[in-house]
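Single-structure report; data block below.
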Amino acid sequence: MNLLDRASKIAEGFNSSIYQLSDDTYGQEVILKVMKEDFNYHPHSSQLYNEDRFLRNIDVKGVRASIDLIEDQQTPILVLEYFDGKSLKEWRKNHTPSFLDCLKIAISITESINEIHSKHKLIHRDISAHNILINENGEIRIIDFGLAINVDIKQNVKGMSDQLLGTLPYISPEQTGRVNHPVDYRSDLYSLGVVFFELFTGKVPFESSDPLELIHSHLAVIPQLASKVNPNIPEVFSNILAKLLEKNVENRYQSANGLFTDLNKCKDQLALKIEIEGFTLAENDGSGQFKLPSKIYGRVDEIHALTESIENIGSRKRQMTLVSGKSGTGKTSLIYEVYKPLTSKRGYFIKGKHQQFQKDRPYQAITEALTNFVSLMLSENEQKLAHWKAIIQNALGEQGKLLTDLIPNLELVIGKQEELPVLGINEAQNRFHYVFGQFINALASPEHPLVLFIDDLQWADSTSLKLIKQLLLDPELDYFYFIGSYRDNEVLSSHPLSIIFKELPRLGVSIQEIHLKDLELDHVQDIVKDTFGSSDARSRLLANIVYGKTAGNPFFVNQFLKSIYENELVWFETKTGQWNWDIKGLESTNFTDNVVEFMIDKLSGMEANVRQQLTLASCIGDSFDIQTLGFIQDNAEDLVDDLWQAVIEQLLIVEETETDSSQYKSNSISGLPSLIYRFAHDRIRQAAYELIPKDEKSKVHQRIGELLLQRLDLEKEPDRVFDIADQFNLGSKTQPADLRIDIVKLNYKAGIKAIS
């Protein structure tokens, strides 16, 4: 009899089942947590393993401890401390607590959250009334750390995503993936605000059975004041809850400690008086932690113009937006602002990015965007997936093979497709353009408009540009909107991008052009002021130096501020609660205004093994999976740790956590987790690539090509022929004679694949 057979199931959640075990196995009553089959992923990415890893190192009274993690008949089971309590959600339904009772509970929860944040540097990411237990004595336990993440890497785990993490009624705006802000510990404070609102009023701020409506509410709807829902709540406490529920993270409490202090002020006043009098909130909320603000500065008019265009989708035919500017001016960040107005229209936002060294791959960025969108479809429930299957099959008819060849995971939605007759090049392209237009028309509807964003159009292949042009000229695509970005200093009048976008207005397509310049001094001062919480006079002095060193380039401004903090030229004075800086040291700081030079300097100062991994990765592409990187080197033993260091340094972003290892012929590095990384900025990749000596570059590419040819199974992953051909072509100076025929065959295969 296995362990679960001896236990009693006491609860079932969305992704896990909970059992109570009362025998002598552990010498005490324990809880067993088991992931449901659909969520029981590879051990390295499983929420169950993640939870155990963090709970083993947490020493907080208000957190339920982990006792063991075992595998029973190949089923991972997390053994947890037994706590005789109910969820706060259930407890609140069955109790009518006084204001003071609720306040004591809120203080206890906040104290534990403060320790989790400050002592253990963790973000919970799923704070809810379901994940807080309370017993009859008012003791609490915070549970379910499956989504928790370390503060040091929070900004570099993929943020802008359509994949929702957390519990919707409690989720923060930034955790919806639809605002341009990374998830940090202030996200937990928003969720805590929802919990406290429910604790004190008996209801959550936003209620709906429609997920998109809930997301829109978190993004754009100001919640009712708690005192309006429950008149017994004092005004100052209602303001505390309102501050927790601010949409903008900079306007929330900045630390759980600041909240803890204000809650105790309320408690102390209640002990002395009948009513709580007003006081200034967040006076003790200076966290002393260096945080770069992530809001957009100096782009009010541009955001308004872009928002207006999104709000008018469907009413204005044949319109698109082009955002231009040099590297580091914040083009992508600006475009991500469309999430808010698009969410209110229940629309979809999909994005792809062209890569500098993959211009020979037809439709590369468009394929990336649609592959990710189809992955989102596949995560839907069976009813929704069946809906997608029906509308896509209806749109494609018997020509679905054209799309499944381009987007292989689409086959998982609509099934295997019949081969199509071979046509001449022009006829084949016309057929493809028509079918692709039908596909986009099926995805874009009045109920769900579709916005396609393609980044770095200066590197787009001609076939992609022609397809975009065809979509913009399609009279049926009323609810499709295209946004492109490019570096205008890299696009001459003879560039294919210039030629096509000069043609479009003559053909009736209206182009909204937004050009981003570097920031003005006043904008840089706002960044300095928000970063260090300093007065106008003090921030102006520092802003003058920052502006002089960076010329107002947003990327440089952030990098410069980060650099002076790391070099201790700015520091936080605990006694005064203020940031100070060394003006003379700042003025003498050498700081290049060239992005690549700056990143080369930064990379050169890193540990040799981390630098080596980044240079090898730069030869693969803007993104790479860890298995491929492991295959192209002799020793992959410390690979995960080395890459993690690069993530902490904000050079890499963890893009995904599940890849298909079946594409490889051998499994010599099966101990590696299934992870995909992306360089945080293409200039970082360029800098890493520049670190390779010129006479070594072709040798490295040749070696990568040979190893990939040996280890990749092109029968299972035919699209990887482009990867191998690219490496051999970049290594053409060092090609051995015995491989040249194979390389010619590879290029032929890649060419046929591209034409098809």
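The values are calculated or read from the model by the stated rules, or taken from the named source; none is laboratory data. Fair warning: this is a prediction, and the values are worked out from it, not measured in the lab. Neighbour counts are summed over all protein chains in view; Cβ atoms, including those assigned to glycine, are modelled from backbone coordinates with ideal geometry.
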Cβ-Cβ under 6 Å pairs, at least 6 apart or on other chains, region 703-727 side assigned by TED's automatic domain parsing to the domain that holds L629 and touching a residue at least 60 places away in the same chain (Cβ under 8 Å), far side surrounded by fewer than 16 Cβ atoms within 10 Å (Cβ to Cβ) and not in a helix (DSSP H, G or I): R711/K665; R711/S666
Can you name the number of the only condition in (1) farther than 30 Å from K203 by Cα; (2) surrounded by fewer than 19 Cβ atoms within 10 Å (Cβ to Cβ); (3) without any contact (Cβ under 8 Å) to a residue 40 or more places away in the chain; (4) more than 23 Å from the chain's Cα centre (by Cα) that R53 fails? (4)
So E308 passes all but one of these: (1) more than 30 Å from V595 (Cβ to Cβ); (2) assigned by TED's automatic domain parsing to the domain that holds L477; (3) assigned to a helix (DSSP H, G or I); (4) in contact with a Gly (Cβ under 9 Å, 6 or more places away or on another chain). Which condition number does it fail? (4)
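Among the candidates I454, I392, which residue alone is within 30 Å of I514 (Cα to Cα) and buried (at least 20 other Cβ atoms within 10 Å of the Cβ)? So that I can check it myself, show each step before the final result.
Values: I392 fails: within 30 Å of I514 (Cα to Cα).
That would be I454, the only listed residue that is within 30 Å of I514 (Cα to Cα) and buried (at least 20 other Cβ atoms within 10 Å of the Cβ).
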Cβ pairs under 6 Å, 6+ apart or interchain, first in region 377-401 and without any contact (Cβ under 8 Å) to a residue 60 or more places away in the chain and among the polar types (S, T, N, Q), second surrounded by 13 or more Cβ atoms within 10 Å (Cβ to Cβ) and assigned to a helix (DSSP H, G or I), ordered by first then second residue, are Q393/I414; Q399/V435
Members of region 420-443 found to be assigned to a loop (DSSP other than H, G, I, E, B) and over 13 Å from G397 (Cβ atoms), listed by number: P421, V422, L423, G424
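Return yes or no: is L472 touching a residue at least 60 places away in the same chain (Cβ under 8 Å), in contact with a helix residue (DSSP H, G or I) (Cβ under 8 Å, 6 or more places away or on another chain), closer than 28 Å to H387 by Cα and assigned to a helix (DSSP H, G or I)?
Values: touching a residue at least 60 places away in the same chain (Cβ under 8 Å): yes; in contact with a helix residue (DSSP H, G or I) (Cβ under 8 Å, 6 or more places away or on another chain): yes; closer than 28 Å to H387 by Cα: yes; assigned to a helix (DSSP H, G or I): yes.
So L472 fits the description; yes.
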Considering only region 516-532, I want to know if a residue exists there that is within 25 Å of the chain's Cα centre (by Cα) and closer than 30 Å to Q319 by Cβ. yes
Look through region 480-524, keep the residues that are part of a loop (DSSP other than H, G, I, E, B) and at pLDDT 95 or above, and return whichever of them is surrounded by the most Cβ atoms within 10 Å (Cβ to Cβ). L519
Taking the conditions exactly as written (touching a residue at least 60 places away in the same chain (Cβ under 8 Å) and at negative phi), does L245 satisfy them or not? no
Tally up the residues in region 3-32 that are exposed (fewer than 13 other Cβ atoms within 10 Å of the Cβ), of a type outside the set (F, W, Y) and within 39 Å of the chain's Cα centre (by Cα), please. 4
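Residues checked against (1) within 25 Å of the chain's Cα centre (by Cα); (2) over 27 Å from A220 (Cα atoms); (3) part of a loop (DSSP other than H, G, I, E, B):
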| residue | (1), (2), (3) |
| --- | --- |
| D268 | no, yes, no |
| A282 | no, no, yes |
| K291 | yes, no, yes |
| L322 | yes, no, no |
| T329 | yes, no, yes |
| Q355 | yes, yes, yes |
Within region 234-266, count every residue that is closer than 19 Å to T201 by Cβ and in a helix (DSSP H, G or I). 14
Taking region 364-397 and keeping residues modelled with pLDDT under 90 and part of a loop (DSSP other than H, G, I, E, B) leaves S379, E380, N381
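For the condition more than 23 Å from D188 (Cα to Cα) and not basic (K, R), what is the one hit in L244, L263, L272, L259? Spell out the reasoning first.
Details: L244 fails: more than 23 Å from D188 (Cα to Cα); L263 fails: more than 23 Å from D188 (Cα to Cα); L259 fails: more than 23 Å from D188 (Cα to Cα).
When all the criteria are applied, what remains is L272.
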I'm trying to understand the selection: among the residues of region 265-277, which are of a type outside the set (V, I, T), closer than 16 Å to I233 by Cβ and surrounded by 11 or more Cβ atoms within 10 Å (Cβ to Cβ)? K265, C266, K267, Q269, L270, E277
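Checking the condition touching a Ser or Thr at 6+ places or on another chain (Cβ under 9 Å) and not aromatic (F, W, Y), which residue from E246, E277, E337, E302 passes? Explain how you work it out, then say what you get.
Numbers: E246 fails: touching a Ser or Thr at 6+ places or on another chain (Cβ under 9 Å); E277 fails: touching a Ser or Thr at 6+ places or on another chain (Cβ under 9 Å); E302 fails: touching a Ser or Thr at 6+ places or on another chain (Cβ under 9 Å).
Result: E337 is the single residue among E246, E277, E337, E302 that is touching a Ser or Thr at 6+ places or on another chain (Cβ under 9 Å) and not aromatic (F, W, Y).
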Specify the residue that is modelled with the highest pLDDT; the eligible residues are those in region 670-679 that are surrounded by fewer than 19 Cβ atoms within 10 Å (Cβ to Cβ) and closer than 23 Å to K353 by Cβ. I676
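Restricting the search to region 2-34, which residues are of a type in the set (F, W, Y) and over 15 Å from I70 (Cα atoms)?
Keep residues of region 2-34 that are of a type in the set (F, W, Y), which gives 14, 19, 26.
Answer for region 2-34, where residues must be of a type in the set (F, W, Y) and over 15 Å from I70 (Cα atoms): just F14.
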Across region 124-139, what is the total count of residues that are surrounded by 23 or more Cβ atoms within 10 Å (Cβ to Cβ) and in a strand (DSSP E or B)? 2
Scan Q702, Q686, Q727 and give me the residue that is assigned to a helix (DSSP H, G or I), farther than 17 Å from T628 by Cα and at pLDDT 80 or above. Q686
Taking only region 288-313 into account, find how many residues are at positive phi and at pLDDT 85 or above. 1
Sort out which residues of region 608-630 are among the small types (G, A, S) and either under 15 Å from W644 (Cβ atoms) or modelled with pLDDT under 90 (or both), and write them in order of number. A608, A617, G621, S623, G630
